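Engineer: Here it is: the structure, laid out below.
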Amino acid sequence: MDLGLFLAKAFLRVLSLWVNLLHFQKPGRYVNSEYNAIHKKAPVSVALAFPDIYDVGMSHLGLKILYAIINELPFSSAERVFAPWSDLEAALREQKEPLTSLESNRPLHAFDIVGFSLQYELSYTTVLNMLDLGGIPLRTEQRLESKDMPLILAGGPCTVNPQPMSPFIDAFLIGDGEEAVKEILSLYHQWKEDGSGDRSMLLKNLARIEGVHVPFLGKESKTKRRFIHSLDDVPFPTDPVVPFTNIIHDRVNIEISRGCTMGCRFCQAGMIYRPARERSPEKILEIAEKSLRSTGYDTLSFTSLSSGDYSCLNLLMKEFNRRFSSQRVSLSLPSLRVGSVNEDMLKELRAVRKSGFTIAPEAGTDRLRAVINKDFTNETYSRAIEMLFRAGWQNLKLYFMIGLPTETDEDISAISGMVLQAIRTSKKMTGRHATLSVGVSSFVPKPHTPFQWYGQNNLDTILEKNRYVKAALLRRGVQFRGHDPEMSMLEAAFSRGDENLSQLIEEAWRLGCRLDAWTEFFDPSKWKQAMEKTGIDAAAYAEREYAYDTPLPWDNIDTGITKKFLWSEYQKATAAEFTSDCRKVCHACGLKCRPEDLQKEIPVLSSPASDMKTRKNLPPEGISLRARLQYNKLGRARYLSHLETTTALVRGMRRAGFPFKYTEGFHPGPKVSFGPALGVGTAGMKEYIDIELLPPFGLQEGLLLLMKNLPDGLQATAMKAVPKSEKSLTGFVVRYTYEIIARQGLSLDGFFENRDMMIQRKQNSFRLSDMVEDVRKTGDTSALLTAKDLGEIKVRLDELLPLIFKQPADDLEITRTAMFGWDGRWKEPMEETAWQARS
Ligand code: SF4
């Protein structure tokens, strides 16, 4: 397509969504000018497609890693595409608009490569939905003859059994992606430059790259998983995109290690990411420093399959807190093995802010935990919960699975026993009942694990077990969070199934299934219908027991771990025999790594960076400056909520190095107070925020730094000091002016008809003309409105505008242009008040 035409169409698409964003839930998801987002043009364009919504996809570390690596290459660019929520999908389909990327608003079909991240089997219908919405034919065979269609790739843990998705994906990248992605892109670049357009040749060449599986070449071709030897040798993003809207893991996430040595028999990640590799502590601290500076986050997480098993975790946490606690950056460890919890670790974890604590016993008895090889006994559990409650934790999450191999009634009843024990211990140690959230999900046997041969419990059995646990827990007043057993059945089917299941996935999608991991959308009746139509029984796949010598659908994927090892682990499981941590003894899983590689020397951490402030360097508490910042909220930033705007501003200030004064207590935060809130969709020309800062702080220098550190649409315009005794912004401001623009004509007839109308609120009533001080037209489609609060009764535009203009507020483009308080005359918040003049 002609570039000019393409850009013009993209502009029109932006414009049409701009006008309509207010009609969608959480418009902040679609405001595409987030801080650190990269807008790049390059010969090879890649859409990183996440088959779930923005809030989930933006939390995914792999996406951030690939986004950085691809944008770093001179010949390629990466943009993000997420699954739309149902409201946006409906609008796209109705307007016949394609699904587009966030950065350039380019339709999915106009990219060279679309790479899906397959994290969860229930995202498969969403992959098909995104292809369809993006204008791309679903199947490889349909795209084979086309020169214009993108190459469809997929990576992520589900690819270790690529069969069910193989007709839809051109090439799977199996294993670690950091190095392989560069090889794939460079090969594609060459192919594109050659201009032959021969897709089958491209696929054949791609299959030569280690870790790349091309279904088009047949099931016989065996693919070896890709593996990187050292995490320190591959890039890790230090300037990830900072979302406007709250996402699932809204913080800096640093992967401290990959793989795990504990050998839990149910855990696919623990098997397919073997052997464990650790990032060096120096590198982790370096990444932490850069990431915190470039994002403005005040929380950071050390992620891993089992963070507590990182070789020198206590030392690393101690050093982290020494360097960053003065900036009130709090640390979290999302996945802790209970045996690894110790007093020192808890002390460092609660140094700044205490987040909730999660323990995953997985099973209720020592016997069943030996079956699944979970290094966790009733004794370690008792010790750990005592330690936690003593250290002040009151919120605990516990996770269990039901339907595990060899499970008995005794194992099931023991789950509620463990929950009760936690309640009693918290009462004994703290005098209060802890808040307990208990998650229970059905066990899903996964490929490339010792339980790959085991058939899942049938639905009736799981439902019965689920009901039993739920009833036992409800009696104890605990929050029970069960996982839908029908979802787990489909997960098991797609996890262990073969290529035939692709028909079921496609049929279910045609019947309307998408975002199946969301209870709001999961519809078992549609899946049932799809099964009847295709004659494919998903439950049979989930419940199927395999014999040792039965060929498995995923046999053509070689993770490096031998079938012999997995089978011997399965046999040990049935005898409840434990296999120790392979850092201590190698159990010859097939990877042939040396145990000594996994036992790192505890390194001596280098001294802290000189420019990092420690607590000691801070001026005494109490001496602080109150600064008032004036800013604009324009463009697509108008779609941010008040909370999203305040968060984005505070993060900008953190990036600019503002020395905040913090609130006291368990959750310290910067002392800031905002002016009257702006509604979602309303722009603001002169908005205000008061901040308490510690000296020394230069107002002009601070303002200039902040200007450079805010995302598009938020502009810092002025800053001045105000006395601490000055009225708060919300106490001072009572009068507002607005510029109103309509798409078509604007009339004031409504105002003249309704000016004497009494408006009723819950407690009060008032006359429209008392709140509207002035309204006048400034053109055919524009007007200026001045409105003021009537004491406690605050101005609400959604109430006034339909009466004045006879148009809903959502259809108008509104900008608050000024606000005033009374001080002998109407004054704006940056003007000097009589009080200031005297002081
Ligand atoms: S080869 Fe040995 S040490 Fe390496 S991952 Fe396998 S069991 Fe563990």
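Engineer: Could you pull out every one of the lysines with an alpha carbon less than 23 Å from that of LYS428, ignoring same-chain neighbours closer than 8 positions?
Structural biologist: Those lysines meeting the cut-off are LYS347, LYS354, LYS397.
Engineer: Return, in residue-number order, each cysteine of the chain whose C-beta is not under 4.7 Å from any other cysteine's C-beta.
Structural biologist: Lacking a cysteine Cβ partner under 4.7 Å: CYS158, CYS260, CYS312, CYS513, CYS582, CYS586, CYS589, CYS593.
Engineer: In addition: Gap in Å between the Cα centre of segment 388-408 and the Cα centre of segment 731-791?
Structural biologist: What the calculation gives is 56 Å, centre to centre.
Engineer: Between ARG743 and SER196, what is the label-to-label distance in nm when each label sits 7 Å out along the Cα-to-Cβ direction?
Structural biologist: 5.0 nm
Engineer: Just to be sure I understand the curve: with the Debye formula and one point per C-alpha of segment 226-266, what is log10 I(q)/I(0) at q = 0.29 Å⁻¹?
Structural biologist: Scattering profile of segment 226-266, log10 relative to I(0): -1.10.
Engineer: Hey, another quick one. Taking every pair of Cα atoms in the chain, average 1/r, invert it to obtain the Kirkwood radius, and report Rg/Rh to two decimals.
Structural biologist: 0.99
Engineer: Structure shown: which of LYS283/LYS563; LYS633/LYS827; LYS26/LYS727 lie over 24 Å apart, alpha-carbon to alpha-carbon? List each step's numbers first, then the result.
Structural biologist: Values: LYS283/LYS563 36 Å; LYS633/LYS827 21 Å; LYS26/LYS727 33 Å.
In this structure, LYS283/LYS563; LYS26/LYS727 lie more than 24 Å apart at Cα.
Engineer: Right, something else. Checking the cross-link filter: which lysines have an alpha carbon closer than 27 Å to that of LYS564, excluding same-chain neighbours under 8 positions apart?
Structural biologist: Partners within reach: LYS219, LYS222, LYS224, LYS374, LYS446, LYS572, LYS584, LYS592.
Engineer: Moving on to the next point. Compute the accessible area per residue over segment 713-829, keeping the other protein chains in place, probe 1.4 Å, unit Å². Each step should come with its number before you reach the end.
Structural biologist: Numbers: 5880 Å² over 117 residues.
Per residue, segment 713-829 has 50 Å² of solvent-accessible surface.
Engineer: Continuing with this model, one more query. Could you bin all the Cα-Cα distances of segment 726-839 into 5 Å bins starting at 0 and give me the percent of pairs in each, rounded to whole numbers?
Structural biologist: Over segment 726-839, the share of Cα pairs per 5 Å bin runs 2, 11, 21, 21, 17, 13, 8, 4, 2, 1, 0 percent.
Engineer: Say a paramagnetic label sat at a point 7 Å from the Cα of LYS584, along Cα to Cβ; which residues of segment 371-392 have their backbone N under 12 Å from it?
Structural biologist: Hits in segment 371-392 for LYS584 at 12 Å: 375-376.
Engineer: Could you work out, for segment 741-807, what percent of all Cα-Cα pairs fall into each 10 Å distance bin, beginning at 0 Å and stopping at the bin that holds the largest distance?
Structural biologist: 20, 56, 21, 3
Engineer: Relative to the compact-globule scaling 2.2 N^0.38 Å, provide the ratio for the alpha-carbon radius of gyration of segment 661-746. Mind showing how you got there, number by number?
Structural biologist: Working: Rg = 16.1 Å, N = 86, 2.2 N^0.38 = 12.0 Å.
Cα-based Rg divided by the globular estimate yields 1.35.
Engineer: Another question, then. How many Å² of accessible area per residue for segment 401-508, probe 1.4 Å? Provide the component values of the computation, followed by the final result.
Structural biologist: Working: 4150 Å² over 108 residues.
Value returned for segment 401-508: 38 Å² of accessible area per residue.
Engineer: Compute the separation of the alpha-carbon centres of segment 561-596 and segment 333-383 and state it in Å as a whole number.
Structural biologist: 23 Å
Engineer: Given a 1.4 Å probe and every protein chain left where it sits, what share in percent of the accessible area of segment 405-447 is carbon and sulfur?
Structural biologist: Numbers: 880 of 1750 Å².
So the carbon and sulfur contribution to the accessible surface is 50 percent.
Engineer: In Å², what does the accessible area per residue of segment 140-266 work out to with a 1.4 Å probe?
Structural biologist: Numbers: 4880 Å² over 127 residues.
That works out to 38 Å² for each residue.
Engineer: I would also like to ask the following. On C-alpha positions alone, give me the angle between the axis of helix 313-324 and the longest principal axis of the chain, in degrees, nearest 10.
Structural biologist: 10 degrees
Engineer: Between GLU792 and LYS41, what FRET efficiency follows from the Cβ-Cβ distance if R0 is 56 Å, with the result rounded to 0.05? The partial results should precede the final answer.
Structural biologist: Working: r = 54 Å, r/R0 = 0.96.
Efficiency at R0 = 56 Å is approximately 0.55.
Engineer: Taking square-rooted eigenvalues a ≥ b ≥ c of the alpha carbon gyration tensor, is segment 12-156 rounded, prolate or oblate, where a/c under 1.5 means rounded and, failing that, a/b exceeding b/c means prolate? Write out the running numbers ahead of the final one.
Structural biologist: Values: a/c = 1.31, a/b = 1.13, b/c = 1.17.
Judged from the Cα gyration tensor, segment 12-156 comes out rounded (a/c under 1.5).
Engineer: Right, another one. Determine by what factor the alpha-carbon radius of gyration of segment 429-516 differs from 2.2 N^0.38 Å, reporting the quotient. Can you show the working numbers first?
Structural biologist: Working: Rg = 17.2 Å, N = 88, 2.2 N^0.38 = 12.1 Å.
Cα-based Rg divided by the globular estimate yields 1.43.
Engineer: Next question. Please compute P(r) over all alpha-carbon pairs of segment 531-594, binned at 10 Å starting from zero, and give each bin as a whole-number percent.
Structural biologist: Final binned percentages: 16, 37, 29, 13, 5, 0.
Engineer: Next question, about the same structure. Enter the angle in degrees (range 0 to 90, nearest 10) between the Cα long axis of helix 61-72 and the first principal axis of the Cα atoms of the chain, meaning the one along which they spread out most.
Structural biologist: Result, in degrees: 70.
Engineer: Take the alpha carbon gyration tensor of segment 698-764, find the square roots of its eigenvalues, order them as a ≥ b ≥ c, and report rounded if a/c is under 1.5; if not, report prolate when a/b exceeds b/c, else oblate.
Structural biologist: Values: a/c = 3.78, a/b = 1.70, b/c = 2.22.
Judged from the Cα gyration tensor, segment 698-764 comes out oblate (a/c at least 1.5, b/c at or above a/b).
Engineer: For the chain, what is the charge dipole size about the Cα centre, in debye to the nearest 20, if Lys and Arg each add +1 at the Cβ and Asp and Glu each add -1 at the Cβ? Please report the intermediate quantities before stating the final value.
Structural biologist: Details: 108 positive and 105 negative charges, 515 e Å.
It works out to roughly 2480 debye.
Engineer: If you don't mind, another one. Under the classification rounded if a/c is under 1.5, otherwise prolate if a/b is larger than b/c and oblate if not, where does segment 27-93 fall, given a ≥ b ≥ c as square roots of the Cα gyration tensor eigenvalues? Mind dumping the intermediate values first?
Structural biologist: Values: a/c = 2.05, a/b = 1.75, b/c = 1.17.
It is prolate, given that a/c is not under 1.5 and a/b is the larger ratio.
Engineer: Return, for the Cα atoms of segment 192-345, the radius of gyration and Dmax in Å, separated by a comma.
Structural biologist: Expressed in Å, the Cα Rg and Dmax of segment 192-345 come to 19.8, 64.
Engineer: If you don't mind, another one. Taking loop as defined by DSSP and a crowding limit of 10 other beta carbons within 10 Å, which trypsin sites (Lys or Arg not before Pro) in segment 181-281 fit?
Structural biologist: Here the trypsin sites (Lys or Arg not before Pro) that fit, given the DSSP loop and packing criteria, are ARG208, LYS222.
Engineer: Same structure again: Net charge near PRO164: determine it from the other residues with C-beta under 12 Å of the C-beta of PRO164, scoring Lys and Arg +1 and Asp and Glu -1.
Structural biologist: Residues near PRO164 contribute -4 overall.
Engineer: Counting only DSSP beta bridges with both residues in the chain, what percent are antiparallel, rounded to the nearest 5?
Structural biologist: Numbers: 53 of 100 bridges.
Of those bridges, close to 55 percent are antiparallel.
Engineer: Which of the aspartates and glutamates could a cross-linker span from LYS533 if the Cα-Cα distance has to be under 12 Å and same-chain partners fewer than 8 positions apart are dropped?
Structural biologist: Result set, ordered by chain and number: GLU506, GLU507.
The values are calculated or read from the model by the stated rules, or taken from the named source; none is laboratory data. Note that this is a predicted model, so its numbers are computed, not measured. As a convention, Cβ positions derive from the backbone with ideal geometry for all residues, glycine included, and neighbour counts pool all protein chains shown. Just so you know, the surface numbers come from the protein's heavy atoms only, side chains and all, with ligands and any DNA or RNA stripped out. Shrake-Rupley method; radii C 1.70, N 1.55, O 1.52, S 1.80 Å.
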